[in-house]
Every structure is written in C-alpha cells, then in structure tokens.
Amino acid sequence: YAGLTSQGAASAVGHLLTLPYDPTITPEPRPKPDPSTTTPRGNYPPITGGPGAASDLRGRKAPLFVVDRWITAEPDARGKVAIIDFWATWCGPCVREIPHVKEAYEKHHTKGFDVIGISLDRSRGALESYIKEKEMPWTQHFDEGGLIASSYGVTGIPTVYLLDAKGNIAAMNMA
C-alpha cells in the first residue's frame, strides 16, 4: 500500500513542522492558463500503475499548476507544509487513506499545515457530493483532463506528495 498512513503522516509532517515558519515566503507568480495547451475534457491520464505509481520528485521543487476553478476555497499554502493528495472516490485505497489525511489535517492545520486534494474522478458532481458526505475540510480540485496529475507524473493512485514550507517535495507516499 503506497498511500498515507497515520504513522507515516505523523512522522513526516511532525518533523517538517518543527522547522522555522517564514510567513514572508511568497510564491512565484501563477501563470495564466493557456487554452491552446489544455487537454480536452474527458482525456484522463492513463492509470496504468498501482497505488503510488508516480515520478519520484523528492528533493525537487513541486511543479506549479494553475487551477481555474477549485471545488472548495483556493488553498494558501505559501510558507506552509502541505500534502498534495492525488485520489478519486472510486479508488479503494484512496478512500481508506481519508481518515489518515483527516487526522493529519485536524492535528496540524493550526500549526501551518495544509492538504490539497487533486481528484481524478470522472464526475465533478459525484466528487462534490462525496466531499460533503465525508466532511473533508481541506481544499479539493477536480482535475478534469488530468493536467495536474500528468505534471506530477502520476500513473497510479493514491499518490501523496509532502511539500516543505519552501515548496520542495520532501517525501512521497508516506506509508
């Protein structure tokens, strides 16, 4: 299993939260979406790997991405430790990791930790209903077309990246 476990999250997030918090860190300006490079709706990336199948980006700056419409409020993860969780409501291992994500969020959110869910669901409506039903308080995005997943090299879900306060990928799939 390559998703997020309670022990893995507590260890990784707890360590990063001990590092000094710098509220003056500002993100690089977000690029404007270019309609000519947008993947057609419904052209999802192939999920060919098992859970956690993705590019190993540890030690690198997290790829920037532009979101034109968040399902929930837009995140403000500048200078915060954050998890980017690629998942879907139809993915059994993804659903099983939700309690662990929720636990990490509730325990560390007030200390400068955020979660950004990137859903590879095929229906925005089903995703919105699921988020409401499961009371998932963190930011969510419906990655229609799979552009963000592709930029992270995600080929299997769940895939979880842990970012440090400077936006570098510190860990992935903390089992």
Segment 124-139 - residue that is open to solvent by less than 50 Å² (accessible area, probe 1.4 Å) and part of a loop (DSSP other than H, G, I, E, B) and, of those, farthest from Cys91 (Cα to Cα):
Trp138
Does Thr159 satisfy being under 24 Å from Gly79 (Cα atoms) and open to solvent by less than 50 Å² (accessible area, probe 1.4 Å)?
yes
How about segment 106-123: which of its residues are hydroxyl-bearing (Ser, Thr, Tyr) and either buried (at least 19 other Cβ atoms within 10 Å of the Cβ) or touching a helix residue (DSSP H, G or I) at 6+ places or on another chain (Cβ under 6 Å) (or both)?
Ser119
So which residues in segment 79-98 are free of Cβ contacts under 8 Å to residues at least 60 places away in the same chain and either open to solvent by less than 10 Å² (accessible area, probe 1.4 Å) or not aromatic (Phe, Trp, Tyr) (or both), if there are any at all?
Thr89, Gly92, Val95, Ile98
Of the residues that make up segment 140-155, is at least one assigned to a helix (DSSP H, G or I), open to solvent by 50 Å² or more (accessible area, probe 1.4 Å), touching a Pro at 6+ places or on another chain (Cβ under 6 Å) and among the small types (Gly, Ala, Ser)?
yes
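The values are calculated or read from the model by the stated rules, or taken from the named source; none is laboratory data. What you see is a predicted model; the values in this text were computed from it and never measured. Using ideal geometry, Cβ is built from the backbone for each residue, glycine included, and neighbour counts are taken over all protein chains shown. Accessible surface is based on the protein model in full, side chains and every heavy atom, while ligands, DNA and RNA are left aside. Shrake-Rupley method; radii C 1.70, N 1.55, O 1.52, S 1.80 Å.
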